[in-house]
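Below you'll find the structure, written out as structure tokens, and then a few comments.
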Amino acid sequence: MASMGSAQMDGKRPVVTRFAPSPTGFLHIGNARTGLFSWLYAKHHGGKALLRIEDTDKQRSTKEAIDVIFDGLDWLGLTFDDEPVFQSERADRHAQVAQKLLDAGKAYKCFATSEELAEMREQQRANKQPLRYDGRWRERDPGEAPEGAPFTVRIKTPEGGETIIEDAVQGRVKVDNREIDDFILLRADGTPTYMLAVVVDDMDMGCTHIIRGDDHLNNAFRQLQVIHAMQGIEDGWDDPVYAHVPLIHGNDGAKLSKRHGAMGVDAYRDELGILPEALFNYLLRLGWGHGDQEEFNVEQAIELFDIDAVNKGPSRFDLKKLRNMNGHYIREADDARLAGIVAKKLGVEDTDLLTEAMPVLKTRARDINELADGAGFLFSKRPLNLTEKAAGLLNDEARERLTAISTRLKAEESWTIEPLEANLNAYAEELGLGLGKLAQPLRAALTGQTTSPGIFDVLVLLGQEESLARIDAQAA
Ligand code: GLU
């Protein structure tokens with residue numbers, strides 16, 4: 001007898017998905033992507049995207065760790081429907097389901113002591129058998145247990161046949177039911193196991209689609225046993241559609257680690273200076289595609305996303321690609337918005353100057369740090385701190401030229417790009433030099449650095465007075 005783990009995609013049940021992160025201290029980039037897929041799937045089908053915080057590990061589930069998740073999702077623009085569900089608050093309901101299964105004879109009390117179970121496993125190991133609970137209390141009368149002895153509650157899983165899942169990403173996957181042992185639902189202290197809690201919550205939240213990382217595929221076979229056991233006991237325990245999304249690998253094909261960029265979403269924002277729309281687009285394209293289209297905003301993603309175009313194979317995380325995409329979104333972004341972000345990074349108040357400078361600053365930057373580095377000169381106080389390289393450019397000859405430039409620019413009446421360009425070009429011609437040769441020491445004097453936006457842009461942004469003061473400070 002095969003039991004099917006797939007609901008029909010007949011559109012009769014409104015789609016409900018959930019994203020169920022555990023607070024680990026950071027919203028891992030891979031998790032964020034499954035969250036995104038889950039969210040998009042619901043939005044695409046006009047359904048509900050729910051959020052559940054799996055906070056049963058008391059030690060890790062601090063308020064800060066939970067806020068990191070909310071914050072990261074919010075920043076990415078993933079607003080979930082209804083209030084988030086906190087798994088830890090539902091232990092009574094989890095226990096109630098276990099009790100119903102006990103009452104219906106679909107679960108049983110196991111009085112095996114931990115020593116006994118250790119011995120059982122030892123023997124299985126010696127006999128080269130798979131390590132799994134052998135069902136020793138499945139048919140035994142609980143009356144045989146000593147008075148008041150502690151017990152766990154185990155589910156009665158089917159002894160024969162197989163469990164089949166028509167996974168929306170992986171295709172048909174199946175497991176011989178003999179491989180699924182009678183796993184624990186309630187621990188001896190009465191607390192629910194993860195396996196029980198997840199299913200009860202999924203069903204109570206009305207989830208029709210479970211979209212998550214494929215590291216949970218094996219759990220699905222077990223979780224389905226609980227669902228099937230509850231069918232006929234309570235209404236609403238319909239098989240969900242499973243979609244197990246392959247994990248993200250590093251660029252070298254190895255499992256994604258910190259070295260590859262397996263950081264929290266907040267680190268992409270704060271340390272790498274990535275814009276949310278860039279990360280959104282990048283994560284979307286990581287394992288999902290629509291023809292050869294690369295760029296998607298939220299509305300397009302909702303319109304086009306569906307689970308059947310999610311790749312079956314693992315996708316590779318490519319930081320360079322993300323940064324290039326980020327550069328693209330920086331150029332698209334509103335200048336005042338970017339100025340606000342950069343001002344915060346630089347710790348300055350004046351967003352007007354930054355906004356004015358932004359069209360020039362953003363032409364090459366691939367992240368907010370580069371933007372901030374490029375903008376720093378605007379706020380430098382005199383005397384400027386020159387980098388070693390910049391200082392090296394200011395030899396005697398260069399300083400004399402700065403004096404001449406200063407004289408020319410003092411007389412300049414129109415402080416805009418074209419006249420300034422004409423003015424300095426004329427001087428370069430006089431000297432028989434390329435403009436670049438002239439611009440180098442000038443840049444050093446104006447910005448303290450050897451790289452900056454175009455030199456005429458720098459002059460215009462600083463204004464005549466400040467430009468001349470900086471030039472004079474370095475001139476001979
Ligand atoms: N809390 C689990 C995790 O963060 C996800 C559980 C699930 O999606 O079923 O890996």
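No value in this document is a laboratory result; all are computed from the given coordinates. Everything numeric here is computed off the predicted structure, so don't read it as measured data. Neighbour counts run over all protein chains shown; Cβ positions are idealised from the backbone, glycine included.
Quick notes
- Highest to lowest packing among 232-245, 291-304, scored as the average C-beta count within 10 Å: 232-245, 291-304
- Cβ charges +1 (Lys, Arg) and -1 (Asp, Glu), total dipole of the range 218-278, debye: 420 debye
- Between the residues Phe280, His28, Ala365, the greatest Cα displacement towards the positive end of the dipole of the chain, with unit charges on the Cβ of Lys, Arg, Asp and Glu, is found for His28.
- A straight chain from Thr407 to Gln129 at 0.36 nm per residue would run longer than the Cα-Cα distance by 91.0 nm.
- Counting lysine pairs in the range 1-160 that sit 8 or more residues apart in sequence, or on different chains, and whose Cα atoms lie under 26 Å apart gives 8.
- Charge tally in the Cβ shell below 11 Å around Leu102, where Lys, Arg are +1 and Asp, Glu are -1, Leu102 excluded: +4
- Across the chain, the volume of the C-alpha convex hull divided among the residues equals 195 Å³ per residue.
- Contour excess over end-to-end distance, with Cα ends at Arg172 and Glu119 and 0.36 nm allotted per residue: 15.4 nm
- For Ser22, the residues 5 or more places off, or on other chains, whose built amide H falls under 5 Å of its own are Glu54.
- Efficiency of FRET from Cβ geometry, Asp318 and Glu397, R₀ 41 Å, rounded to 0.05: 0.35
- Neighbourhood charge, 15 Å Cβ-Cβ cut-off, centred on Leu279 and excluding it, Lys, Arg +1 and Asp, Glu -1: -4
- Within the same chain, aspartates and glutamates fewer than 8 places from Lys174 are excluded, and of the rest, those with a Cα less than 19 Å from its Cα are Glu159, Glu162, Glu166, Asp182, Asp214, Asp215, Asp238, Asp239.
- Expressed in units of 2.2 N^0.38 Å, where N is the residue count, the Cα radius of gyration of the range 140-201 is 1.47.
- Cα shape, the range 349-441, gyration tensor, a/c 1.5 rule: prolate
- In loop segments of the range 248-316 as defined by DSSP, the trypsin sites (Lys or Arg not before Pro) with at most 15 further C-beta atoms inside 10 Å of their C-beta are Lys312.
- 24 Å Cα cut-off, lysine pairs counted over the range 286-364 (separation 8 or more, or different chains): 8
- Dipole magnitude (debye, nearest 20) for the chain, charges at Cβ of Lys, Arg, Asp, Glu: 1120 debye
- Multiplying the residue separation of Gln464 and Asn219 by 0.36 nm and subtracting their alpha-carbon distance yields 81.4 nm.
- For the range 319-476: relative contact order, % (alpha-carbon pairs under 8 angstrom, 6 or more apart): 26 percent
- Cross-link reach list, aspartates and glutamates versus Lys437, counting only Cα pairs under 15 Å and skipping chain neighbours closer than eight places: Asp396, Glu397, Glu400, Glu421, Glu429
- Measuring r between the beta carbons of Gln59 and Glu139 and using R0 = 41 Å, the FRET efficiency lands at 0.60.
- The protection proxy used here, the mean number of other Cβ atoms lying within 10 Å of each residue, ranks peptides 273-284, 359-370 as follows, highest first: 273-284, 359-370.
- Relative contact order (%) - criterion: Cα under 8 Å, at least six apart; region: the range 53-186: 22 percent
- Each Lys or Arg adds one and each Asp or Glu subtracts one; over the other residues with Cβ under 15 Å from the Cβ of Arg140, this totals -1.
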